[in-house]
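Below: one structure, written as structure tokens.
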Ligand SMILES: [Zn+2]
Ligand SMILES: [Zn+2]
């Protein structure tokens, strides 16, 4: 076994909760940071090795460019959003949810790898920066977590990502406008219809500051799009002039098959 394999091997032991956090702190102290995915030495922190960088999947192309729903080909507006005044105005994805991108996102979301937000923010910007600059959002809003879920995870991964993008855009990160009214069941455990029911009436907008603004709403992963659509709808109802969705990745969703399920219930993805 090489020295590079050892931290990877230790990462595979399944231990719960706070132990993961301190075990990782110890490993980072013992072994200098390498590529987050394969642990080979790299020249700086928050960076992938060239092999992993080359192995990242492409951005998806077979979706509605307005609402992000899967349509089998790029479309400027699908049957689900064409006449819907409360649908998003554009949705951007950095990756197809598969392979190395999925591993990065799972670690970021479920394995306490909050620092990967810097790396994912940069990768996202490299792919989407020009388009997002063209959109000129006045506010960058992260998809909110319910306070109880925030307590369990210790960070809102969408807020970390949104912060990285907001910095590069020079637009403010706004976290006190969009809130969750109640806790929802994890979306990854539900089929498409149950997801829409699960998020109905879940979001609320505080204040009237969003009126007339171009807003960028940032989330980590889109599957059916039900959560994003519900959040966009309340922002539009509150008077937002234009709402742009930005997600790290799009899951090619099949009813009854959900690649996130096993991770949400506690399997270490790394
Ligand atoms: Zn690598
Ligand atoms: Zn659409």
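The values are calculated or read from the model by the stated rules, or taken from the named source; none is laboratory data. Keep in mind that this is a model prediction, so the values were computed, not measured. Cβ placement follows ideal geometry from the backbone for every residue including glycine, while neighbour counts extend to all protein chains displayed.
Looking for whichever is surrounded by fewer than 20 Cβ atoms within 10 Å (Cβ to Cβ) and either under 14 Å from residue 245 (Cα atoms) or at pLDDT below 95 (or both) here; the options are 133, 126. Which one fits? Answer to the selection: 133. The residues of the range 92-103 that are farther than 21 Å from residue 217 by Cβ and within 16 Å of ligand 1 (Cβ to nearest atom), listed by number, are 99, 100, 102, 103. Does residue 115 meet the test of being touching a strand residue (DSSP E or B) at 6+ places or on another chain (Cβ under 9 Å), touching a residue at least 12 places away in the same chain (Cβ under 8 Å) and more than 16 Å from ligand 2 (Cβ to nearest atom)? Answer is no for this residue.
Here the condition is being modelled with pLDDT of 90 or more and under 21 Å from residue 251 (Cα atoms); of 205, 221, 199, 214, it holds for 221 alone. Of the residues in the range 34-48, not one is within 12 Å of ligand 2 (Cβ to nearest atom), over 22 Å from residue 234 (Cα atoms) and in a loop (DSSP other than H, G, I, E, B).
Counting just the residues of the range 204-218 that are farther than 18 Å from residue 247 by Cα and under 21 Å from the mean Cα position of the chain (by Cα), which one comes out surrounded by the fewest Cβ atoms within 10 Å (Cβ to Cβ)?
Among them, the one singled out is 204.
Against the list (1) assigned to a helix (DSSP H, G or I); (2) under 16 Å from residue 247 (Cα atoms), the condition residue 140 fails is (1).
Evaluate the range 95-109: report whether one residue or more is in contact with a strand residue (DSSP E or B) (Cβ under 9 Å, 6 or more places away or on another chain) and within 19 Å of residue 229 (Cβ to Cβ). The answer is yes; a qualifying residue exists.
Once the range 44-91 is narrowed to residues that are exposed (fewer than 12 other Cβ atoms within 10 Å of the Cβ) and within 16 Å of ligand 1 (Cβ to nearest atom), the residue that is nearest to residue 242 (Cα to Cα) is 54. Within the range 53-68, the set of residues being under 29 Å from residue 228 (Cα atoms) and away from ligand 2 (no atom under 16 Å from the Cβ) comprises 53, 55, 56, 57, 58, 59.
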